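These notes concern the structure reproduced below.
The values are calculated or read from the model by the stated rules, or taken from the named source; none is laboratory data. Fair warning: this is a prediction, and the values are worked out from it, not measured in the lab. Here the Cβ positions follow ideal geometry from the backbone for every residue, glycine too, while neighbour counts run over all protein chains shown.
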Amino acid sequence: MTDTLPTEAGLVEERLRHFLAGRPDAAGTIEAVRRAGSGRSRDNWLFDLVRPDGREQLILRTDPEGGLIDTDRAVEFAVLQGLEKSPLPTPVARWLDADGTALGRPSLIMRRLPGTCDYRVLRDPGRDEAERLGLARAFCELLAAVHEVDWRALGLGETLPDPGPEAARAALEEWTRTLRADQVEPWPELEYAITVLGDRAPRSTGTVLVHADFKPGNILLEGDRVTALLDWELAHLGDPLEDLGWVTQPLRAGEHTIDVVWEAADLVAHYERTTGVAVDRSALAWWVAFSAFKTAVMQVSGLRAFLEERAEEPYRPTRRVLATLLDAVEDLP
């Protein structure tokens, strides 16, 4: 804990108190305000709302000054509200400060769920191989459950546009716009990738809810039981292969695979068994390459945030990311 943390926590507590004042469903005393860590895209603050009838454990997610991605709190809030009626283990969204007027920056408050997250849990030497393999299968089944959600019945179509068969092209155009907005130097590798990906974009056979940042680090566990899937800030409607490409790309192998017993091919095969839907390997290869492109663009955005003094760490596309991207693009069928 730094010397400035109590002052910062005190400021957060004061803002929370003013924000929640006058809301009948927020009556109570705010206690135990503390930082939960600062991610690359959000600042998280834990606190309790204490009432005569009990204690509600909450988390404030607020935009940091700088990060790798820029997303809309109101959209994330609407998605979480819609998912409350689904079978997915997601947090209950409580309150929203969409423009940051009260809380300093755009923010949402959610109910906390039990469990801990570990983005390297599938490589955890403290767990035996059978346990880790069971978790890997559970994660894959959770991803399939996300794609099986009836997004129309949940009203998510009122918030999220449906790109239809052109989901791949829409995703490429969105991340290309982000690149154009944030780049401060030329990246020939990314320009080459944009051209090839644009020429070979597959058409989607169906629209599903896409999480867009599915990983163990966004999953809460109690032992070997999944208690929550977190971080819906990038969620949108699109092709299920977008998520499948994200979790099978080489850059994420350390999070999603177990050497020999659970490689990318095993993950895809289990996804097929779970959903009963065959995966088009050619289309999946495109989404794998796109995922590497998206990773590189996130790093470009991180560099822009650093140069504008909104972030402390100077991100930029690494040689490994660029090499992986080029390999994936050049291997496209």
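Which of the residues belonging to the range 182-197 are loosely packed, with under 14 Cβ neighbours inside 10 Å and either touching a residue at least 40 places away in the same chain (Cβ under 8 Å) or touching a Leu at 6+ places or on another chain (Cβ under 6 Å) (or both)?
Step one: filter the range 182-197 for residues loosely packed, with under 14 Cβ neighbours inside 10 Å, giving 184-186, 188, 191, 195.
The answer is V184, and nothing else.
What residue, among those in the range 75-110 that are without any contact (Cβ under 8 Å) to a residue 24 or more places away in the chain and closer than 16 Å to H18 by Cβ, is surrounded by the fewest Cβ atoms within 10 Å (Cβ to Cβ)?
T101
Scan the range 258-272 and give yes if some residue there is surrounded by 20 or more Cβ atoms within 10 Å (Cβ to Cβ), assigned by TED's automatic domain parsing to the domain that holds D128 and not in a helix (DSSP H, G or I), otherwise no.
yes
Out of the residues in the range 145-164 that are in a helix (DSSP H, G or I) and not small (G, A, S), state the one that is nearest to the chain's Cα centre (by Cα).
So the residue we want is V146.
Yes/no per residue for (1) assigned to a loop (DSSP other than H, G, I, E, B); (2) under 14 Å from A171 (Cα atoms); (3) over 19 Å from the mean Cα position of the chain (by Cα):
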position	(1), (2), (3)
A285	no, no, yes
A289	no, yes, no
K294	no, yes, no
Q299	no, no, no
G302	no, no, no
E309	yes, no, yes
E312	yes, no, yes
P317	yes, no, yes
A323	no, no, yes
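Could you please let me know if A292 is under 21 Å from L190 (Cβ atoms), among the aliphatic types (A, V, I, L, M) and buried (at least 18 other Cβ atoms within 10 Å of the Cβ)?
Values: under 21 Å from L190 (Cβ atoms): yes; among the aliphatic types (A, V, I, L, M): yes; buried (at least 18 other Cβ atoms within 10 Å of the Cβ): yes.
In short, yes.
Where the second residue is not hydroxyl-bearing (S, T, Y) and the first is at positive phi and lies in the range 11-28, which pairs have Cβ atoms under 8 Å and are six or more apart or on separate chains?
G28/L49; G28/V50; G28/R51; G28/E56
Can you run down the residue pairs with Cβ atoms below 9 Å, 6 or more apart or on separate chains, where the first is in the range 250-265 and in contact (Cβ under 8 Å) with a residue 24 or more places away in the chain and the partner is surrounded by 15 or more Cβ atoms within 10 Å (Cβ to Cβ) and of a type in the set (D, E)?
T257/E263; T257/D266; I258/D266
Does the range 153-168 hold any residues that are touching a strand residue (DSSP E or B) at 6+ places or on another chain (Cβ under 9 Å), closer than 19 Å to K85 by Cβ and buried (at least 17 other Cβ atoms within 10 Å of the Cβ), and which are they?
L154, L156, L160
For the list (1) outside any helix (DSSP H, G or I); (2) over 23 Å from the mean Cα position of the chain (by Cα), I need the number of the one condition that E191 fails.
(1)
Would you mind telling me which numbered condition in (1) aliphatic (A, V, I, L, M); (2) assigned by TED's automatic domain parsing to the domain that holds F214; (3) part of a loop (DSSP other than H, G, I, E, B) A130 fails?
Among (1) aliphatic (A, V, I, L, M); (2) assigned by TED's automatic domain parsing to the domain that holds F214; (3) part of a loop (DSSP other than H, G, I, E, B), A130 violates only (3).
Condition first: modelled with pLDDT of 95 or more and closer than 30 Å to R200 by Cα. Can you find one or more residues in the range 215-226 that meet it?
yes
Give L209, L244, L237, L251 a once-over and let me know the one that is in a helix (DSSP H, G or I), within 16 Å of the chain's Cα centre (by Cα), among the aliphatic types (A, V, I, L, M) and within 30 Å of R111 (Cβ to Cβ).
The conditions single out L244.
Take the range 115-142 and flag every residue that is within 15 Å of L221 (Cα to Cα), hydrophobic (A, V, I, L, M, F, W, C) and modelled with pLDDT of 95 or more.
Those that are within 15 Å of L221 (Cα to Cα), hydrophobic (A, V, I, L, M, F, W, C) and modelled with pLDDT of 95 or more: V121, L122, L133, L135, A136, A138, F139, C140, L142.
Within the range 82-129, can you find the residues that are over 21 Å from the mean Cα position of the chain (by Cα) and closer than 21 Å to T227 by Cβ?
Result: D124, G126, R127.
What residue, of D124, D150, is touching a helix residue (DSSP H, G or I) at 6+ places or on another chain (Cβ under 7 Å) and exposed (fewer than 14 other Cβ atoms within 10 Å of the Cβ)? Give the derivation first.
Details: D150 fails: touching a helix residue (DSSP H, G or I) at 6+ places or on another chain (Cβ under 7 Å).
Result: D124 is the single residue among D124, D150 that is touching a helix residue (DSSP H, G or I) at 6+ places or on another chain (Cβ under 7 Å) and exposed (fewer than 14 other Cβ atoms within 10 Å of the Cβ).
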